[in-house]
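Q: I'd like to ask you about the structure that follows.
FYI, it's all coordinate maths here, none of it is from the lab. Here the structure is a predicted model, which means the values were calculated and not measured. Reconstructed Cβ throughout: ideal geometry from the backbone, glycine too, with neighbour counts over all protein chains shown.
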Amino acid sequence: MNHMPRFETQGLAALEARLSGDLEALELPAKPWVPERTVGGRRVHDVVIVGAGMCGLAAAARLKLLGIDNVLAVDAAEAGREGPWVTFARMETLRSPKTLAGPSLGLASLTFRAWFTAQFGEREWEVLDKIPKDQWMAYLVWYRRVLDLPVRNGVRVTDVRGEGELVRVRCEGAMDTVLLARHLVLATGRSGLGGAQTPRFLEGIDRRFWAHSVDRIDFGALAGKRVAVIGAGASAMDNAATALEAGAGSVDMLIRRREMPRINKLTGIGSPGVVHGLHRLPDEWKWRFLAYAADEQVPPPRASTLRVSRHPNARFLLGCAVHAAIEENGALRLETSLGPLRADYLIAATGFANDLSGRLEFAAIAPHVRTWGDGRQPAAAGGRRPGFSDAPDLGPDFEFRERVTGSCPILRRIHCFNDAAMLTHGKVSGDIPAVSAGADRLARGIAAELLAADVEAHFERLQAYDTPELRGDEWVDAAPLLVRDRAS
């Protein structure tokens with residue numbers, strides 16, 4: 001029997017009314033309870049969130065439902081272009097199953113399915129295979145609007161540092177100001193903490209010859225050109241396909257492995273146990289699970305791979321490691337394990353780094369952030385492993401930890417709610433399947449910290465509360481009668 005909820009085709013207005021009713025029945029959002037703070041007449045935000053993509057919105061929503069409403073999310077992108085979905089994500093559809101609850105926070109009326117069927121009906125839902133990425137972005141725009149989440153677009157964070165017990169956040173753009181926050185959440189998505197990871201052999205090569213897959217690329221300018229793409233993951237396939245569809249003369253996929261990965265190992269063990277329990281396992285087991293999955297690698301989606309291979313001018317070069325790139329006669333000569341190759345343009349689909357030192361906005365805190373390589377890395381793991389050893393060693397609420405105790409106390413108020421948190425917390429802060437669980441873990445932790453920080457004020461509220469539930473006329477004191485009867 002199909003126990004999935006059935007949604008009628010009544011339009012978004014009806015869905016939004018149902019969502020409002022659901023929230024009212026659940027007494028959500030909770031009443032605001034955090035005492036307001038100011039410093040020198042300046043407002044202090046309880047939480048500032050950097051990034052208003054899926055993770056940033058989910059975090060802001062969960063905080064709001066918990067009654068923490070003095071929150072602000074900022075994003076450098078214009079409204080409707082936050083995150084990767086309509087920028088550097090060049091796939092046609094999401095890779096995740098359409099049925100995932102995503103950032104809906106346990107509310108059926110907030111799911112993508114509810115949003116989709118309210119507009120297009122159950123029949124269209126049944127025939128839908130994967131979610132078009134533009135449609136997912138439209139859903140997130142609706143999610144932000146219907147929950148009335150506080151987001152400012154066109155705002156770039158340029159400096160983060162401590163100011164007493166507060167986090168000082170310098171912003172430029174649509175808001176050229178300094179924000180003060182009790183907690184800061186870095187919801188910076190797939191780029192995590194260090195941004196694009198670029199092969200060293202591309203250092204010094206003119207940027208007109210290459211781009212990282214996260215960059216803006218003028219694919220129209222590649223018409224008729226020889227294009228090389230480094231990598232075998234989903235991003236590599238999507239960029240190669242986009243170049244081919246734009247009329248590239250040829251595309252070579254340069255794949256270091258001799259065989260393409262075929263099995264997504266972590267998908268096979270997806271369960272509430274992994275979502276809620278992986279972060280509580282001993283470090284040796286966390287490392288063992290995630291290192292194994294990384295070694296096996298995640299295969300690109302079948303549809304993305306076929307999107308490339310259907311073009312006769314595409315080549316898959318397996319066992320092709322690139323050692324050097326040389327500018328030569330207005331093009332690139334690539335020295336590879338298969339011999340020299342020539343390309344007019346190269347796209348490096350080589351992922352992202354965890355290195356905070358490469359981000360100017362984090363310059364004040366980067367030297368103090370403790371990583372797994374600073375002592376948490378299991379001895380059995382051997383030497384340093386890029387991406388793992390550099391991962392931040394986070395606390396239970398996604399908060400950073402100090403490399404040297406006392407060197408930067410403000411780190412405990414800065415939370416890493418992005419892909420870089422995976423080694424400590426599992427995959428709950430970057431991908432669609434478990435983002436609601438991650439947002440809940442983060443928000444509950446911040447709520448507890450806010451309560452502890454204001455414990456004296458809350459105790460004063462307890463003492464000052466004087467609304468009676470009894471008026472004094474609900475009973476008769478029989479004790480005097482009992483004393484009289486005994487005396488007589």
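Q: Working from the pairwise distances between different alpha carbons, so that the mean of 1/r is found and then inverted, what is the range 137-197's Kirkwood radius in Å? All intermediate terms of the calculation are to be shown ahead of the outcome.
A: Values: mean 1/r = 0.0734 Å⁻¹.
This gives a value of 13.6 Å.
Q: Sort the following peptides by mean Cβ neighbour count (other Cβ atoms within 10 Å, averaged over residues), highest first: 123-133, 465-475, 286-296. Don't jump to the answer; show the numbers that get you there.
A: Working: 123-133: 13.7, 465-475: 6.0, 286-296: 16.2.
Going by the mean number of other Cβ atoms within 10 Å, highest first, we get 286-296, 123-133, 465-475.
Q: Now, a different point. Rounding to the nearest 10 and keeping the result within 0 to 90°, find how far the Cα-based axis of helix 133-146 lies from the longest principal axis of the chain.
A: For 133-146 against the chain, the angle is about 20 degrees.
Q: Which whole-Hz couplings ³J(HN,Hα) result when phi for each residue of the range 391-397 is put into the Karplus expression 6.51 cos²θ - 1.76 cosθ + 1.60, θ = phi - 60°, listed in order with x for Gly and Pro?
A: Result, ordered by residue: 5, x, 8, 9, x, x, 10 Hz.
Q: At 222 nm, what value in deg cm²/dmol follows for the chain if DSSP H runs of at least 4 each add -39500 (n - 2.57) and the sum is divided by all its residues, to the nearest 500?
A: Values: 13 runs with 143 residues, N = 488.
The per-residue figure over the chain is -9000 deg cm²/dmol.
Q: Remind me, relative contact order of the range 9-130 in percent, using alpha carbon pairs under 8 angstrom and six or more residues apart?
A: Reported relative contact order: 32 percent.
Q: As I understand it, the value is the acute angle between the Cα axis of helix 112-127 and the longest principal axis of the Cα atoms of the chain; what does it come to in degrees, rounded to 10?
A: The angle comes out near 50 degrees.
Q: If one takes the longest principal axis of the Cα atoms in the chain, at what angle in degrees, from 0 to 90 and to the nearest 10, does the Cα axis of helix 234-245 lie?
A: Taking Cα atoms only, the helix is inclined about 50 degrees.
Q: To the nearest 20 Debye, how big is the dipole of the chain about its Cα centre, given +1 on the beta carbon of each Lys and Arg and -1 on that of each Asp and Glu? Please list the in-between numbers first.
A: Values: 61 positive and 60 negative charges, 321 e Å.
That gives the chain a dipole magnitude of about 1540 debye.
Q: With the dipole of the range 13-117 worked out from charges on the C-beta (+1 for Lys and Arg, -1 for Asp and Glu) around the Cα centre, which of A79, H45, C55 lies farthest toward the positive end?
A: Final value for the positive-end residue is C55.
Q: Here's something else I'd like to know. So for H45, H425, fewest C-beta neighbours within 10 Å to most, what's the order? Let's see the in-between values first.
A: Working: H45 20, H425 26.
The fewest-first ordering by Cβ neighbours comes to H45, H425.
Q: Next question. Just the projected area, averaged over all directions, of the convex hull on the alpha carbon atoms of the chain: how many nm²? Could you put the intermediate results ahead of the total?
A: Numbers: hull surface 134.4 nm².
Average projection, Cα convex hull of the chain: 33.6 nm².
Q: Take peptides 154-164, 64-74 and line them up by average Cβ neighbours within 10 Å, highest first, as a rough protection proxy.
A: 64-74, 154-164
Q: Kindly flag which residue pairs out of K133/K265; K265/K427; K133/K225; K98/K133; K31/K64; K265/K286 have an alpha-carbon separation exceeding 20 Å in this structure. Numbers along the way, then the final one.
A: Numbers: K133/K265 24 Å; K265/K427 13 Å; K133/K225 27 Å; K98/K133 11 Å; K31/K64 9 Å; K265/K286 15 Å.
Pairs exceeding the cut-off: K133/K265; K133/K225.
Q: Note the direction-averaged projected area, equal to a quarter of the hull surface, for the Cα convex hull of the range 85-235, in nm². Provide the component values of the computation, followed by the final result.
A: Details: hull surface 54.6 nm².
Quarter of the Cα hull surface area: 13.6 nm².
Q: How would the range 1-131 be classified by its alpha-carbon gyration tensor: rounded, prolate or oblate, with rounded meaning a/c under 1.5 and the a/b versus b/c comparison settling the rest? Don't jump to the answer; show the numbers that get you there.
A: Numbers: a/c = 2.85, a/b = 1.49, b/c = 1.91.
Oblate is the answer for the range 1-131, as a/c is 1.5 or above yet b/c matches or exceeds a/b.
Q: Moving to a separate point now. Along each principal axis of its Cα atoms, how long is the range 342-429 end to end? Whole angstroms, biggest number first, please.
A: Principal extents (Cα only, largest first): 53, 35, 24 Å.
Q: Could you tell me the relative contact order of the chain? Use alpha-carbon pairs under 8 Å, at least six residues apart, and round to a whole percent. Write down the numbers at each step before the final one.
A: Values: 876 pairs, mean separation 86.0, N = 488.
Computed value for the chain: 18 percent relative contact order.
Q: Of A138, L12, A487, which is farthest along the charge dipole of the chain in the positive direction, counting Lys and Arg as +1 and Asp and Glu as -1 at C-beta?
A: Of A138, L12, A487, it is A138.
Q: Also, I was wondering about something else. Which value in nm describes the separation of the simple spin-label points at A364 and R208, placed 7 Å from the Cα toward the beta carbon?
A: 4.0 nm
Q: Quick one: grab the alpha carbon gyration tensor of the range 177-296, order the square roots of its eigenvalues as a ≥ b ≥ c, and give me rounded if a/c is under 1.5, else prolate or oblate depending on whether a/b is larger than b/c. Don't skip to the end; give the middle numbers.
A: Details: a/c = 2.43, a/b = 1.42, b/c = 1.71.
Oblate shape, in that a/c is at least 1.5 and b/c is the bigger or equal ratio.
Q: Under the Karplus relation 6.51 cos²θ - 1.76 cosθ + 1.60, θ = phi - 60°, what is the ordered set of whole-Hz ³J(HN,Hα) values for the range 459-476, x standing for Gly and Pro?
A: With the stated coefficients, the range 459-476 comes to 5, 5, 4, 4, 5, 7, 5, 9, 7, x, 9, 10, 9, x, 10, 8, 8, 10 Hz.
Q: For the modelled label position 7 Å from the Cα of T87 along Cα-to-Cβ, which residues of the range 139-167 have backbone nitrogen atoms closer than 11 Å?
A: Backbone N within reach: 154-156.
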